[in-house]
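For reference, the structure is listed below as structure tokens.
The values are calculated or read from the model by the stated rules, or taken from the named source; none is laboratory data. Note that the structure is a prediction, hence the values are computed from the model and not measured. Please note: Cβ atoms are built from the backbone with ideal geometry, for glycine as well, and neighbour counts cover all protein chains shown.
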Amino acid sequence: MNLTRRKCFALVAGLLAAASAGHALARTSVIKVSLWDKGAMSMNMLGHGPMMGMGMGTPGTRMPMGPMGITVSTPTVNAGAVTFDVSNTSRTLVHEMVISPIKDANTPLPYIEAANKVDEDAAGHLGEVAELEPGKKGALTLTLKPGQYILYCNIPGHYALGMWTLVTVK
């Protein structure tokens, strides 16, 4: 094989590009997100107990035995690109994942009682993986600054039934 000056430059440029791409991928944090519920009867709890959404009741607390929830593989990631790899593990219910920044854990999210859901615009939503059918998956990649963020399902009633969790970006 005869290596010309042009071929050497092309080879070096290709290696640098591959190393740069690998370095960029290494900086992306991945959070596996599971959207779950306790079955088709989960919605029957709505209105029959304390609301479990952030700011509804004791700030920042949830009832661990709620009929719905969001579980994350890690609650803390580094600032920068973050990919949310979302799975709806329900067998019967549609779920979604919306992300909003949290400015103050003692301040409730803006909630529309009549609609049984969070006012996403007022909450400053940053993106979502919308309406995943049971067993389906989706992904969302965002560039996040240090702070606290809430992941929540905004299908009517789901947030109030405990379908939220917090993620910290450092």
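Table for the structure above
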read-out: In region 109-135, the residues that are over 25 Å from ALA40 (Cβ atoms), of a type in the set (Asp, Glu) and over 15 Å from the mean Cα position of the chain (by Cα); value: ASP119, ASP121
read-out: Region 108-140: number of residues that are among the small types (Gly, Ala, Ser) and not in a strand (DSSP E or B); value: 6
read-out: Residues located in region 86-115, provided they are of a type in the set (Ser, Thr, Tyr) and over 16 Å from THR168 (Cα atoms); value: SER87, THR89, SER90, THR92, THR107, TYR111
read-out: Residues (at positive phi and either without any contact (Cβ under 8 Å) to a residue 60 or more places away in the chain or buried (at least 23 other Cβ atoms within 10 Å of the Cβ) (or both)) located in region 127-166; value: GLY127, GLU131, GLY135, GLY147, GLY162
read-out: Residues within region 98-126 that are free of Cβ contacts under 8 Å to residues at least 12 places away in the same chain and over 23 Å from ILE31 (Cβ atoms), tallied; value: 5
read-out: Residue in region 115-134 that is within 21 Å of THR74 (Cα to Cα) and among the polar types (S, T, N, Q) present; value: no
read-out: Residue match in region 133-147 (condition: hydroxyl-bearing (Ser, Thr, Tyr), modelled with pLDDT of 95 or more and out of contact with any Asp or Glu (no Cβ under 8 Å at 6 or more places or on another chain)); value: yes
read-out: Candidates THR61, THR74 - the one that is assigned to a loop (DSSP other than H, G, I, E, B), surrounded by fewer than 19 Cβ atoms within 10 Å (Cβ to Cβ) and at pLDDT 90 or above; value: THR74
read-out: Candidate set: region 93-109, residues that are over 17 Å from LEU144 (Cβ atoms) and at pLDDT 95 or above; chosen: the one surrounded by the most Cβ atoms within 10 Å (Cβ to Cβ); value: HIS95
read-out: Leading residue by the ranking (farthest from GLY69 (Cα to Cα)) among those in region 150-162 that are in a loop (DSSP other than H, G, I, E, B) and in contact with a Pro (Cβ under 9 Å, 6 or more places away or on another chain); value: LEU161
